[in-house]
Each structure stands twice: as C-alpha cells, then as structure tokens.
C-alpha cells in the first residue's frame, strides 16, 4: 500500500465531508454557496475536457465567462434570495440565445462551439439550479438524493469487489453487473427502510428517489467516464488531491437530479412535519 496516497486521499475525504455537511445542513445561503463553487469548478473542467477531446477548438474567455454568468444567474433565480423569481424569468430565457449569437457571430466563433457552450448549461447549470429548487421545497430532498447516491456508489464498489466478474461497460472497465445490481438493490432496501420508519414523505417516494440515484446516477458516472476517455485523461480536475475534480465527485448527481426533481414536484406530497 502507498501510505502517502492513502493519507492524502483520507485527509482530502475528511475535509470534503466536513465542507459538504456544512453546506448541506447549514442555512440556504450556505447551500447556495457550496453548489455555486461546485458549478464554477465543474464548468471549468467541462471546457477543459472539451478542449482535450478536440484540441483545435479553443474556447474564448468571453464564452466561458458568459456560461459562468448564466449559471450563477440560474442559481440565483432558483432561490428566494431575489424575491419573486418570475420578474427575472425573461432575462434567464434570453441568455442562452445571447450565448449562441455572441459566439456564432464572433470573428473566431463557430456554431459548434456555441452549442457546446449550451451543453455546459444543460449538463451542469440546469441540474444544480434544480437541486437548489429542491432545497427550497425541503432540505430532505437534495440531502436524501446525495446520501442515496453515496450509498449506491459505496455498495456497488463493495459488492463488485467481492463477487464482481461480469464487466458492465467498456467505458468503465472496473464496473461489473454484479456490483451495479447489488448496489442498486441495497440502495432501494435502504430507502425502503428509511421510508417505512420516516415521518417525511412515504415509502414509495423514497424508493423512486433511490431508483433515480442508482439508475440515473450510474448513467451519469458512465457519461463523465466517456468524456474522460475521449479526452485521454484520468480525472476531470485536481481540486481534490487523490479524488479528482468536481465533475468526478458530482457526475452522478448531475444526471440524477433532473429525474428526482421531476418526480418530487409532480408526485411527492408535502412534508407531514415541517422541521427542515
């Protein structure tokens, strides 16, 4: 065992866990700040991967700044910090069109780069904005989703380590069908047990959220792995020594959140007891 690597990864994981808990369990402004930082880092890493995939494509600082600006505005409009968000909705809807026009019509701009910038908004900014909207409804929704994703990843790793033999996908050779199915089943069981004894929402709600975490979360991990494979890199970034970048840590959450958001807003009933 490489003890230097072990202690680096362990120390980073402890610091990361403390920061995540402070942001998740703190006041709404702390939750907002946490994911605003995650979004900023993830956008930088996404453009880094795009450039690695196609080195001839160079993304101007203006284009990247516009994406960051749109992202932070999307987060602000998803909170109650600005009051009535409907007042700002027209601006929010116009910004993607502005990004398309500015990039496509600029001297060195191309239509493909403009649409790639929009893909950053869809892949990163939209899910994080939806996560903040879920936080506005109840802290339990984003917190529960993140915990279920963590359970799924952990259980999939443990089960795969013991009995995994059948490769799940060539995109991620370490994943196995046994680990993937085992992780999903154990996540569903954990959600069912919590839902059975919990006063918050009902058991089928938590089971559906566990499916979002295990199925959509796994696909999100594969999608980011595909990007890294095309880019020829091991990690999307290095802000967490030994653990990679923001996209490496939140790839499952980015894909799982839209599914969880749609279900929670369409079908989940209000909390029985308003504590969170």
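FYI, it's all coordinate maths here, none of it is from the lab. Treat the numbers as computed from the prediction; the structure is a model and nothing was measured. A quick note on method: Cβ atoms are made from the backbone with ideal geometry, for glycine too, and the neighbour counts reach across all protein chains shown.
Per-residue packing, averaged as other Cβ atoms within 10 Å, sorts the ranges 102-115, 135-148 into the order 135-148, 102-115, beginning with the highest. In terms of surrounding Cβ atoms within a 10 Å radius of their Cβ, 206, 194, 177 rank from fewest to most as 177, 194, 206.
In terms of its C-alpha gyration tensor, segment 103-162 comes out oblate, because a/c is 1.5 or above while a/b does not outweigh b/c. For the chain, modelled as a GNM whose springs connect Cα atoms under 10 angstrom apart, the maximal fluctuation among 71, 220, 26 occurs at 26.
When peptides 56-62, 37-43 are ranked by their average number of other Cβ atoms within 10 Å per residue, the highest-first order is 37-43, 56-62. For the chain, a Gaussian network of Cα nodes joined below 10 Å ranks 120, 190, 22 by mean-square fluctuation, and the top entry is 22. Considering every alpha-carbon pair of segment 190-237, the percent of pairs per 10 Å bin, from zero through the bin containing the longest distance, is 26, 30, 21, 19, 5.
Rg/Rh for the chain stands at 0.98; both radii use Cα atoms, and Rh follows the Kirkwood definition.
Could you tell me the center-to-center distance, by alpha carbons, between segment 97-161 and segment 168-193 in angstrom? Cα centroid to Cα centroid, the span is 22 Å.
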